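Each remark here refers to the structure printed beneath this line.
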Amino acid sequence: MIKKINFDELLHWLPKQQMAWQAIADGFKYILYGGARGPGKSYFLRWAAIAWLFMIYKTLGLQHVRVGLFCETYTDLRDRQITKMRLEFPLWMGELKETKEDGLCYFLCEEMGSGIIALRNLDDPTKYQSSEFAAIFVDELTKILKSTFDVLRGSLRWPGIKNTLFLAATNPGSIGHAWVKQLWIDKDFPPEMQKIKHKFKFIQALPADNPYLDEGYWEDLNSQPEDVRRAWVEGDWTIFSGQAFPNWRTHKHVIDPLTPPDNWLHWRSLDWGYADPFCCLWFAKNPINGRTIVYKEAYFKDMTDDMQAKTIKDMTLPNENIIYTLADPSMWARKSLGAVVTTTAQEFAKYGVYLSKADNNRLQGKRKFDRLLNDMPDGIPGILFTSNCANCIRTIPSLARSERNPEDVDPRGEDHAWASVMYGLSNFVLTTPPKKPYNNPWIKSNDPLMESRDNANKLW
């Protein structure tokens, strides 16, 4: 009976889903499908798992091959996949059951190769470090961290299968927004991934690509707040629902690199890290209008305290006149180096990088930054970043609000640059902004501070 069935008719794939399937045949290993609400992402993943197992059986003759279908929690796995499998998968094709040996899985029938779809959640991704999957399918990739992605792709191996597969679907937003956007949307790969960057493929699918959506669904989508609508309907990755800093606009908050004048106030901030990146930022404040500029960054990982301190020292010019360096208070924790008891702050001081404890109140820090992101009376934001602060620009607008406390930033995201900004704003005082433009009699009408924003030589 199975031989008489048209597999294409069984799948009922839309054109964009077919494009994503074709990307597998074209040799791409890491494929992302969707990027918006409503194009049938979850449907595509579960049926792609079936189709891939059947393809492996027909082309390679391999049986009992195991793939993994993952969601971030069991509740999401149940709601998005398990209940739908019971409704959509025909009885003759296989069986959904839980066994002592395999856990909860969908088992294909013998005529289709006896493949296994292991249904798993990602509450503790480390439990999959020694697992083996011939293919991995992840529903809502932006719900997980980059470290989880690395654990999963480290489990991609199966005897007899050379071309393993990682296929995911997602919406913009949540804790993984920054790293997913970096790899699949921006094509910005870290050095260790340069050799595999040609294996990544993004197939954008929008709700408009799904003719089965009813009028009520469209009404719900288009009645959302504008930032949510742009993400869900248009697949806009620059803004998303749950964004921690929705007022960030790259075209407004990022300027060309500049060297602040010597008479401006200069200081640094530091978020310490080793396995995670450390981030040091250089700040300057315009004494005339009070605007803050973040004009330089150091963002590295796997550096010792000595290496970090030396890097900061080397990147600071003699005429910058740094008045203080505001740092993560954890850097004053006592530690033992053999018979010597010291602190990270003391290690930095050996290189002339003297630290001051920063204010690490996250809620206050977010309020300060939110205030500075707003326009000042001259129509320009109160804080600007130069374009050479690449990691600030990459990660800060991609951070999500905490689900537990919407007034906070979700700490599971890549928040090292944001934490450094927070420390750097320790001495910023929340006050009511003036309602009228500044009227400083010492500023002439042709002063560069008052010229058009488009003037490339403008001092902010």
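The values are calculated or read from the model by the stated rules, or taken from the named source; none is laboratory data. The structure displayed is predicted, hence computed values, not measured ones. All Cβ positions, glycine included, derive from the backbone under ideal geometry; neighbour counts span all protein chains shown.
General observations
- With respect to the conditions (1) over 16 Å from ILE117 (Cβ atoms); (2) touching a Gly at 6+ places or on another chain (Cβ under 8 Å); (3) not in a helix (DSSP H, G or I), ILE31 lacks only one, and its number is (2).
- Residue match in the range 353-370 (condition: charged (D, E, K, R) and assigned to a loop (DSSP other than H, G, I, E, B)): yes
- Of the residues making up the range 116-153, those that are outside any helix (DSSP H, G or I) and hydroxyl-bearing (Ser, Thr, Tyr) are SER130, SER131.
- Residue match in the range 170-181 (condition: buried (at least 22 other Cβ atoms within 10 Å of the Cβ), part of a helix (DSSP H, G or I) and in contact with a Leu (Cβ under 6 Å, 6 or more places away or on another chain)): yes
- Unmet criterion (only one of (1) among the basic types (Lys, Arg); (2) more than 30 Å from VAL228 (Cα to Cα); (3) in contact with a strand residue (DSSP E or B) (Cβ under 9 Å, 6 or more places away or on another chain)) for LYS41: (2)
- Exactly one residue out of ALA400, ALA345, ALA390, ALA327 is in contact with a Leu (Cβ under 6 Å, 6 or more places away or on another chain) and touching a residue at least 60 places away in the same chain (Cβ under 8 Å), and it is ALA327.
- Out of LYS335, LYS301, LYS296, LYS313, one residue alone is under 30 Å from LEU145 (Cβ atoms), surrounded by fewer than 15 Cβ atoms within 10 Å (Cβ to Cβ), in contact with a Phe, Trp or Tyr (Cβ under 9 Å, 6 or more places away or on another chain) and of a type in the set (Lys, Arg). It is LYS301.
- Residue match in the range 16-37 (condition: polar (S, T, N, Q), under 21 Å from THR148 (Cβ atoms) and surrounded by fewer than 22 Cβ atoms within 10 Å (Cβ to Cβ)): no
- Pick from the range 327-352, criterion of a type in the set (A, V, I, L, M) and assigned to a loop (DSSP other than H, G, I, E, B), ranking: farthest from LEU270 (Cα to Cα): ALA339
- Selection of the range 13-54 for residues being within 15 Å of ASP209 (Cβ to Cβ), of a type in the set (Phe, Trp, Tyr) and out of contact with any Asp or Glu (no Cβ under 9 Å at 6 or more places or on another chain) yields TRP13, TRP21, TYR33, PHE44.
- All told, ASP8 falls short of being surrounded by fewer than 21 Cβ atoms within 10 Å (Cβ to Cβ), of a type in the set (Asp, Glu) and either within 28 Å of the chain's Cα centre (by Cα) or on the phi > 0 side of the Ramachandran plot (or both).
- Among the residues examined, THR142 qualifies as touching a His at 6+ places or on another chain (Cβ under 8 Å) and surrounded by 12 or more Cβ atoms within 10 Å (Cβ to Cβ).
- Filter result for ALA349 (crowded, with 21+ Cβ neighbours inside 10 Å, touching a strand residue (DSSP E or B) at 6+ places or on another chain (Cβ under 8 Å) and not polar (S, T, N, Q)): no
- Filter result for LYS162 (on the phi > 0 side of the Ramachandran plot and exposed (fewer than 15 other Cβ atoms within 10 Å of the Cβ)): no
- Condition check for MET112: within 20 Å of TRP158 (Cα to Cα), surrounded by 18 or more Cβ atoms within 10 Å (Cβ to Cβ) and assigned by TED's automatic domain parsing to the domain that holds HIS198: yes
- Restricting the range 163-187 to residues that are of a type in the set (Val, Ile, Thr) and touching a Gly at 6+ places or on another chain (Cβ under 7 Å), the residue that is farthest from PHE245 (Cα to Cα): THR170
- Subset of the range 285-315 [part of a helix (DSSP H, G or I) and small (Gly, Ala, Ser)]: ALA309
- Looking across the range 209-224, the residues that are without any contact (Cβ under 8 Å) to a residue 40 or more places away in the chain and part of a helix (DSSP H, G or I) come down to GLU215, GLY216, TRP218, GLU219, ASP220, ASN222.
- Qualifying residue in the range 82-102 (condition: over 20 Å from GLU9 (Cα atoms), outside any helix (DSSP H, G or I), among the aliphatic types (A, V, I, L, M) and touching a strand residue (DSSP E or B) at 6+ places or on another chain (Cβ under 7 Å)): yes
- Qualifying residue in the range 207-229 (condition: surrounded by 15 or more Cβ atoms within 10 Å (Cβ to Cβ), within 30 Å of TYR299 (Cα to Cα) and basic (Lys, Arg)): no
- Answer residue from the range 314-343, given it is out of contact with any strand residue (DSSP E or B) (no Cβ under 9 Å at 6 or more places or on another chain) and among the hydrophobic types (A, V, I, L, M, F, W, C) and is modelled with the highest pLDDT among those: LEU317
- Test: residue in the range 121-129 that is of a type in the set (Val, Ile, Thr), more than 23 Å from TYR33 (Cα to Cα) and assigned by TED's automatic domain parsing to the domain that holds ALA49: yes
- ARG37 meets the conditions (1) outside any helix (DSSP H, G or I); (2) at pLDDT 95 or above; (3) in contact with a Phe, Trp or Tyr (Cβ under 8 Å, 6 or more places away or on another chain) in every case but one. The failed one is (2).
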